[in-house]
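Written below as structure tokens is the structure these notes are about.
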Amino acid sequence: MAAGQGLREHLRLGRKGLAIGVDIGGTKVAAGVVDADGRILSQAKRSTPGNDPRAVEQVIVELVEELGRGHRIWSVGIGAAGWMDLDGGTVLFSPHLAWRNEPLRDNLQRLLRRPVLLTNDADAAGWAEWRFGAGRAENRLVCITLGTGIGGAMVMDGRLERGRFGVAGEFGHQIIVPGGHRCECGNRGCWEQYASGNALGREARELAAANSPVAQELLKAVHGDVESITGVIVTELAEAGDRTSRELIEDVGEWLGLGLANLAAALDPGTFVIGGGLCDAGELLVAPARKAFARNLTGRGFRPAARIELAALGPNAGLIGAADLSRVSSRMHS
């Protein structure tokens, strides 16, 4: 652990300047000025302007120019959902935006006249949790982001592990139920169809559509409009004590723990950090996940087991990680 702490200090001191992190989502673009200790000094947001790549670039430029006033900015980090090439210059594919083999880094460096780093949003969040959050004490970290689907990142011995082709960490698409629910990726039975915010909402809607007597609180919360039931609503009802909503979250937690056991068998991390919007459920989600993990772990009882922790940085992890990666990247890869 001492070596990991030394690396963190090396990265912190290696370049003390400020950086701007930009987190591009399907509905909003969030940006912030971040210092060498991961503190956000100022923030701004814009709506994501449809799926026009040029319009998105212009929004990024506007945010960087707005936040750059009054600060001396060294670099800009961009975190976005999608696959990036290993060089970090091109978005190979983004599910939310019309980026297909888009040379985004060069485009933005030309517009911003600053160094730009491009990274996957889950990688950015995982890096932030390793540097400043729940993974600070861990040198072999796997970060899971639970939202609409499941994103993933690995920080191994102080480096993001992106695989041979740059597309590692797509944990949500491990097939966990052969022939199961159809996934947007084209396969059936992917993990994110059972352990994500979308999965929670789908299961609640199916229960409510059957007019089950145990779903009456769900129906009351949406005034009978079954299709408006979301994972967020289920989580809110669970926190308020609704037994059915708690059972639905427990089911998702059990699927989460099963998938983590599979990842432990393959990757053997010391810690899993669980982040994303679904983690608003807190221990209602993580407690059953820990139980299912322990029950399904290969060699259980005869091997050390990874810790499972909730993320510490919340929705700002992506922009913090993107900013920090851009700030330290030249030293990290030297």
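With respect to E129, determine if the residue is open to solvent by 10 Å² or more (accessible area, probe 1.4 Å), among the acidic types (D, E), modelled with pLDDT of 95 or more and outside any loop (DSSP other than H, G, I, E, B).
Working: open to solvent by 10 Å² or more (accessible area, probe 1.4 Å): no; among the acidic types (D, E): yes; modelled with pLDDT of 95 or more: yes; outside any loop (DSSP other than H, G, I, E, B): yes.
Criteria not met by E129.
What pairs come out if I take residues in the range 66-93 that are surrounded by 15 or more Cβ atoms within 10 Å (Cβ to Cβ) and pair them with residues that are of a type in the set (A, V, I, L, M) and part of a loop (DSSP other than H, G, I, E, B) whose C-beta lies under 7 Å away, six or more apart or interchain?
Listed by first residue and then by second, the contacts come to W83/V167.
Suppose we keep only residues that are surrounded by fewer than 15 Cβ atoms within 10 Å (Cβ to Cβ) and among the polar types (S, T, N, Q) within the range 188-226. Which one would you say is farthest from G253 (Cα to Cα)?
N211
Quick one: in the range 132-154, which of the residues that are at pLDDT below 95 and among the hydrophobic types (A, V, I, L, M, F, W, C) is nearest to T271 (Cα to Cα)?
So the residue we want is A137.
Quick check on the range 113-123: of everything there that is in contact with a helix residue (DSSP H, G or I) (Cβ under 8 Å, 6 or more places away or on another chain) and within 12 Å of G88 (Cβ to Cβ), which residue is most open to solvent (accessible area, probe 1.4 Å)?
Checked the range 113-123; the qualifying residue most open to solvent (accessible area, probe 1.4 Å) is P115.
With G126, G77 as the choices, which residue is of a type in the set (G, A, S) and under 15 Å from A168 (Cβ atoms)?
G126
Determine, yes or no, whether G277 is open to solvent by less than 40 Å² (accessible area, probe 1.4 Å) and at negative phi.
Answer is no for this residue.
Find all pairs meeting these conditions: Cβ atoms under 6 angstrom apart; at least six residues apart or on different chains; first residue within the range 22-45 and open to solvent by less than 60 Å² (accessible area, probe 1.4 Å); second residue polar (S, T, N, Q).
Partner pairs satisfying both residue conditions: V29/T48; G32/Q43; V33/S42.
Taking the range 297-328 as the region of interest, how many residues are of a type in the set (S, T, Y) and either surrounded by 20 or more Cβ atoms within 10 Å (Cβ to Cβ) or under 16 Å from the mean Cα position of the chain (by Cα) (or both)?
Step one: of the range 297-328, the residues of a type in the set (S, T, Y) are 298, 326.
If we keep only those that are either surrounded by 20 or more Cβ atoms within 10 Å (Cβ to Cβ) or under 16 Å from the mean Cα position of the chain (by Cα) (or both) as well, we get 326.
Total satisfying the criteria: 1.
Could you list all residues from the range 152-168 that are under 16 Å from the mean Cα position of the chain (by Cα), open to solvent by 20 Å² or more (accessible area, probe 1.4 Å) and not aliphatic (A, V, I, L, M)?
E161, R162 - these are the residues of the range 152-168 that are under 16 Å from the mean Cα position of the chain (by Cα), open to solvent by 20 Å² or more (accessible area, probe 1.4 Å) and not aliphatic (A, V, I, L, M).
Going through the range 94-112 one residue at a time, which ones are open to solvent by less than 60 Å² (accessible area, probe 1.4 Å) and either closer than 27 Å to D35 by Cβ or outside any loop (DSSP other than H, G, I, E, B) (or both)?
Filtering the range 94-112 down to residues open to solvent by less than 60 Å² (accessible area, probe 1.4 Å) leaves 94, 97-99, 102-105, 107-108, 112.
Passing the criteria: E102, L104, R105, N107, L108, L112.
In the range 132-143, which residues are over 22 Å from F165 (Cβ atoms) and open to solvent by 10 Å² or more (accessible area, probe 1.4 Å)?
F132, G133, A134, R136, A137, E138, N139
With respect to A294, determine if the residue is in a helix (DSSP H, G or I), open to solvent by 40 Å² or more (accessible area, probe 1.4 Å) and either farther than 30 Å from I233 by Cβ or not β-branched (V, I, T) (or both). Before you say what the answer is, go through the steps one by one.
Numbers: in a helix (DSSP H, G or I): yes; open to solvent by 40 Å² or more (accessible area, probe 1.4 Å): yes; either farther than 30 Å from I233 by Cβ or not β-branched (V, I, T) (or both): yes.
Against the criterion (in a helix (DSSP H, G or I), open to solvent by 40 Å² or more (accessible area, probe 1.4 Å) and either farther than 30 Å from I233 by Cβ or not β-branched (V, I, T) (or both)), A294 qualifies.
Name every residue in the range 250-269 that is over 20 Å from G149 (Cβ atoms), without any contact (Cβ under 8 Å) to a residue 60 or more places away in the chain and buried (at least 20 other Cβ atoms within 10 Å of the Cβ), in order of residue number.
Hit for the range 250-269 is A264, nothing else.
Can you tell me which residues in the range 227-248 are surrounded by 20 or more Cβ atoms within 10 Å (Cβ to Cβ) and within 19 Å of the chain's Cα centre (by Cα)?
Scanning the range 227-248 gives G231, T235.
The values are calculated or read from the model by the stated rules, or taken from the named source; none is laboratory data. Keep in mind it's a predicted model, so treat the numbers as computed, not measured. Methodologically, a virtual Cβ is constructed for each residue, glycine included, from the backbone with ideal geometry; neighbour enumeration extends over all protein chains shown. In case anyone asks, the SASA skips ligands and DNA or RNA and just uses the protein heavy atoms, side chains included. Shrake-Rupley method; radii C 1.70, N 1.55, O 1.52, S 1.80 Å.
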